[in-house]
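Below: the structure, in structure tokens.
Rule-based calculations on the coordinates, nothing more; no lab input. In this text the structure is predicted, and so the values were computed from the model without any measurement. With ideal geometry, Cβ positions are generated from the backbone for all residues, glycine too; neighbour counts draw on all protein chains shown.
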Amino acid sequence: MPFGLSNAPATFHRLMDLILAGIKWQSCLVYIDDIVVFSSTFEQHLKDLSSVFDRLKTAGLTLKASKCDFCRKKLKYLGHIITPDGIKPDPGLIDSVKLFPQPTRLKDIQPFLGLTGYYRKFIKDYAKISKPLLAKIRSHQKSKRPTNNIEWSVECTTAF
């Protein structure tokens, strides 16, 4: 399926949901074409992998070996590091938050909030911290004479 089509990713994701129905959330997770198989023991993991492979084969789908990692205790998945100890944000993406330039225009605030919002579960009091930046966006949206300039306050600097 050509992914240049606007609905191709959603269609493929629905296909993967159908193929992995019954085992999704039990022994695997899928996001479009990224599949994670998880198990409590190595022996069970081999069985779970076999189940996923069988379903993909039956559906006529193949895997590219160079893009696969098997039997890992630590992996990067959708911007997170997953280990037996839990889930953490990917340090590489955290660096992109730290290096994000301070917004100079209102339209620059939204991408920053999108990036930080993705990791909100790891940021204590995220809603409270981001409130001054969200207030800037909301006041701009409600304004009868919107401007793209930012009046950057101490609260905004602290939130950023």
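Data table
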{"item": "Percentage relative contact order, the stretch 91-159, counting C-alpha pairs under 8 Å, at least six apart", "result": "39 percent"}
{"item": "Under 18 Å from the Asn7 label point (7 Å along Cα→beta-carbon), backbone N, the stretch 26-44", "result": "32"}
{"item": "Surface/4 of the Cα convex hull for the stretch 91-159, nm²", "result": "4.6 nm²"}
{"item": "Charge dipole magnitude, Cβ of K and R +1, D and E -1 - the chain, Cα centre, debye nearest 20", "result": "580 debye"}
{"item": "The chain: DSSP helices with Cα axial extent of at least 15 Å and average Kyte-Doolittle hydropathy no lower than -0.5", "result": "8-19"}
{"item": "Segment Thr58-His45, extension gain: residue separation times 0.36 nm, minus the distance between their alpha carbons", "result": "2.7 nm"}
{"item": "Net length gained if the chain between Leu18 and Thr158 were fully extended (0.36 nm per residue, minus Cα distance)", "result": "45.8 nm"}
{"item": "For the chain, built as a Gaussian network whose Cα springs stay under 10 Å, the top-fluctuating residue of Ser66, Ser96, Ser50", "result": "Ser66"}
{"item": "Equivalent-ellipsoid semi-axes of the stretch 8-71, from the Cα gyration tensor, Å, largest first", "result": "19, 13, 11"}
{"item": "Relative contact order (%) - criterion: Cα under 8 Å, at least six apart; region: the stretch 20-120", "result": "11 percent"}
{"item": "Evaluated over the chain, the Cα radius of gyration and Dmax, each in Å", "result": "21.0, 64"}
{"item": "Out-of-range pairs (alpha-carbon distance over 27 Å; input Lys24/Lys131; Lys24/Lys64; Lys74/Lys121; Lys107/Lys128)", "result": "Lys24/Lys131"}
{"item": "At R0 = 25 Å, FRET efficiency that the Cβ-Cβ distance of Gln110 and Tyr31 yields, to 0.05", "result": "0.60"}
{"item": "Over the chain: helical MRE at 222 nm, DSSP H runs n ≥ 4 each giving -39500 (n - 2.57), nearest 500", "result": "-13000 deg cm²/dmol"}
